[in-house]
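Report on one structure; see the data block that follows.
The values are calculated or read from the model by the stated rules, or taken from the named source; none is laboratory data. Since we're looking at a predicted model, the values are computed, not measured. Using ideal geometry, Cβ is built from the backbone for each residue, glycine included, and neighbour counts are taken over all protein chains shown. Just so you know, the surface numbers come from the protein's heavy atoms only, side chains and all, with ligands and any DNA or RNA stripped out. Shrake-Rupley method; radii C 1.70, N 1.55, O 1.52, S 1.80 Å.
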Amino acid sequence: HGGYNSRRFPAASPLERTVFAAGNTGGSLADLLQVSDFDGEGSSNMESALHQRDHIGVQDAVLLENYESEDAFLENLQKRFRANLIYTYIGTVVVSVNPYKQVGIYDKTTMETYRGINFYEEPPHIYAIADTAYRSMMNEGRDQCVLISGESGSGKTVFVSNTAFPGKHSGKV
């Protein structure tokens, strides 16, 4: 499947695409920032990338400069939430902030985007967790567990109902 494909998931920010690329090529983020086009007009530089990060946060909390700070973690979630990015990874764990509105990220096209790809190949999404668990179950021949936790009324039932893969996986799980 290769690298990030903006046609497959156009809502991701340029910074999210660059962070993905840095993590998957072994290159440094600074190296990639100098060759990436952040505003579509060729004026990329480290300062614009940092401004973008400061506006929308990072997609994986382990990339936070102060990763041990609860305040930094919560601030990152708030930034992402304001940008309608409700999912954030902490390594292989996904944190979701309930937007209490339809966000249009649970359609069949998005589901297919996450099917059979490497975990960090696309921005954070519950479909990445579901597909990774399914493939691990099939490849290892062992049951898998996905823990979904939240307060009453936080959207757990809606969350679970949106992760059921129709078609290829149906009837096999």
So for the pair Asp71, Val103, with labels modelled 7 Å out along Cα→Cβ, what separation do we get in nm?
2.6
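Ranking request for peptides 134-145, 67-78, 116-127, 83-94: highest mean number of other beta-carbon atoms within 10 Å first, then the rest in descending order. List each step's numbers first, then the result.
Numbers: 134-145: 11.3, 67-78: 13.4, 116-127: 19.2, 83-94: 16.5.
Ranking the peptides 134-145, 67-78, 116-127, 83-94 by packing returns 116-127, 83-94, 67-78, 134-145.
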Using modelled backbone amide H atoms (1.01 Å from N, in-plane), which distant-in-sequence or interchain residues come within less than 5 Å of Ile90's amide H?
Ala61, Val95
If ligands, DNA and RNA are left out, what is the accessible area of Val58 with a 1.4 Å probe, given in Å² to the nearest 10?
10
